[in-house]
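Undergrad: One structure, pasted below without further comment.
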Amino acid sequence: MNINNSNILITGGSSGIGKETAKQFIAKGATVVITGRNEAKLKQVAEEIGAIPLLFDVSDAASIPSMTAKAIELLDGKLDTLVNNAGIGVFPHLGEITIADLQAVYNTNVFGLALLTQEVVKTFKEQSYGNIINIGSTAALKGFERGSIYAASKFAVRGMTQCWQAELRKHNIRVSLVNPSEVASAFANENREERQEEENKLGPKEIADTIVNLVEMRDKGFVPEVTVWATNPF
């Protein structure tokens, strides 16, 4: 897809992977709506990078139809790419898992992602065109200690991605899964402050580079899944 003059919606776009991805798309001439839950931070980042802010919590299922319509309205009725980046994680040991933790993670990582995509796909089908990038994790490939809730949510995203690939290819809609290993970002920080990038760990740039490359591929092809590892994290 030619990114110049395209319209893009990125959830969780006010920090980390979402922010860097928005910056890269905007640098290539795209119009980008970013969503977030912190209004002040969202507006500040949008002004900084030249994005359009939309205060939107994807875990609020009841608001998804109206907020999706609002996002598309902000993009003058045309949407080319959805990046499902919003995500949270909690990491209790087995024996400490609560229903509240399960619901919080699944409401954002699985239910909100699915319901938002379902709304966006209506527009993509009308256009007979669109790109969906789901942000998974290496936790979607292999579980880990204290990962019962988070890994399970990302396994679910991987499964949904594969289902949507089978369902949507005939509508010229490309669906890809990006699995980052550990990224220095605000993820899992209680105060949502960005972590300093580490020499031997991935940063948001590597993941944003991957997302942009997937979308930039000619429309006749797509990459179903890609995993990004740090070269030497030890």
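The values are calculated or read from the model by the stated rules, or taken from the named source; none is laboratory data. Given the structure is predicted, the values throughout are model-derived calculations rather than measurements. FYI the Cβ positions are ideal-geometry reconstructions off the backbone, even for glycines, and counts take in every protein chain you see.
Undergrad: Just one of T21, T81, T35, T31 is farther than 26 Å from K220 by Cα and in contact (Cβ under 8 Å) with a residue 40 or more places away in the chain; which is it?
TA: Details: T21 fails: farther than 26 Å from K220 by Cα; T81 fails: farther than 26 Å from K220 by Cα; T31 fails: farther than 26 Å from K220 by Cα.
Going through T21, T81, T35, T31 in turn, the sole match is T35.
Undergrad: May I pose another question? Tally the residues that are at pLDDT 85 or above and either polar (S, T, N, Q) or in contact with a Cys (Cβ under 7 Å, 6 or more places away or on another chain) (or both), restricting the search to region 195-213.
TA: Total satisfying the criteria: 3.
Undergrad: Okay, next question. Going through region 1-15 one residue at a time, which ones are touching an Asp or Glu at 6+ places or on another chain (Cβ under 7 Å) and closer than 17 Å to K41 by Cα? Talk me through it step by step, then tell me what you get.
TA: Initially, region 1-15 is screened for residues touching an Asp or Glu at 6+ places or on another chain (Cβ under 7 Å), giving 1, 3, 6-8, 15.
Of everything in region 1-15, just one residue is touching an Asp or Glu at 6+ places or on another chain (Cβ under 7 Å) and closer than 17 Å to K41 by Cα, namely S15.
Undergrad: Could you grab the pairs with beta carbons closer than 7 Å, sequence gap of 6+ or different chains, first residue in region 134-152 and surrounded by 17 or more Cβ atoms within 10 Å (Cβ to Cβ), second one of a type in the set (D, E, K, R)?
TA: Qualifying pairs under 7 Å: G136/K154; G136/R158; S137/K154; A139/K154; A140/K154; A140/R158; I149/D101.
Undergrad: While we're here: Cβ-Cβ distance below 7 Å, separation of 6 or more or different chains: which pairs start in region 84-106 with a residue that is closer than 23 Å to G36 by Cβ and end on one that is part of a loop (DSSP other than H, G, I, E, B) and small (G, A, S)?
TA: Qualifying pairs under 7 Å: N85/G12; N85/G13; A86/G12; G87/G12; G89/A188; F91/G147; V105/G89.
Undergrad: Please pick out the residue among I17, I8, I3 that is part of a strand (DSSP E or B) and among the aliphatic types (A, V, I, L, M).
TA: Details: I17 fails: part of a strand (DSSP E or B); I3 fails: part of a strand (DSSP E or B).
Just a single option satisfies the conditions, and that option is I8.
Yes or no, residue by residue, for (1) over 16 Å from K154 (Cβ atoms); (2) within 15 Å of the chain's Cα centre (by Cα); (3) not aliphatic (A, V, I, L, M):
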residue: G77; (1), (2), (3): yes, no, yes
residue: D101; (1), (2), (3): no, no, yes
residue: L115; (1), (2), (3): yes, yes, no
residue: I133; (1), (2), (3): no, yes, no
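Undergrad: Here's another thing I want to ask about it. Which of the following residues is closer than 30 Å to K41 by Cβ and among the hydrophobic types (A, V, I, L, M, F, W, C): V223, V183? Please lay out each step first, then the result.
TA: On the way: V223 fails: closer than 30 Å to K41 by Cβ.
Result: V183 is the single residue among V223, V183 that is closer than 30 Å to K41 by Cβ and among the hydrophobic types (A, V, I, L, M, F, W, C).
Undergrad: Still on this structure, I have one more. I need the full set of residues from region 81-120 which are of a type in the set (D, E), touching a helix residue (DSSP H, G or I) at 6+ places or on another chain (Cβ under 8 Å) and more than 19 Å from A140 (Cβ to Cβ), in order please.
TA: Taking region 81-120 first, the residues of a type in the set (D, E) are 96, 101, 119.
Remaining after also requiring touching a helix residue (DSSP H, G or I) at 6+ places or on another chain (Cβ under 8 Å): 101, 119.
The one that is of a type in the set (D, E), touching a helix residue (DSSP H, G or I) at 6+ places or on another chain (Cβ under 8 Å) and more than 19 Å from A140 (Cβ to Cβ): E119.
Undergrad: Looking at region 156-181 only, could you name the residues that are farther than 25 Å from D209 by Cβ and surrounded by 18 or more Cβ atoms within 10 Å (Cβ to Cβ)?
TA: Hit for region 156-181 is A156, nothing else.
Undergrad: Which condition number in (1) in a loop (DSSP other than H, G, I, E, B); (2) on the phi < 0 side of the Ramachandran plot is the one that K122 fails?
TA: With (1) in a loop (DSSP other than H, G, I, E, B); (2) on the phi < 0 side of the Ramachandran plot applied to K122, the lone miss is (1).
Undergrad: Among the residues of region 133-174, write down those that are outside any helix (DSSP H, G or I) and among the basic types (K, R).
TA: Filtering region 133-174 for residues outside any helix (DSSP H, G or I) gives 133-137, 141-147, 172-174.
Within region 133-174, K142, R146, R174 meet the criteria.
Undergrad: Here's a follow-up. Being within 21 Å of V178 (Cβ to Cβ), crowded, with 17+ Cβ neighbours inside 10 Å and within 13 Å of the chain's Cα centre (by Cα), is that true of even one residue in region 51-60?
TA: For region 51-60, residues within 21 Å of V178 (Cβ to Cβ), crowded, with 17+ Cβ neighbours inside 10 Å and within 13 Å of the chain's Cα centre (by Cα): present.
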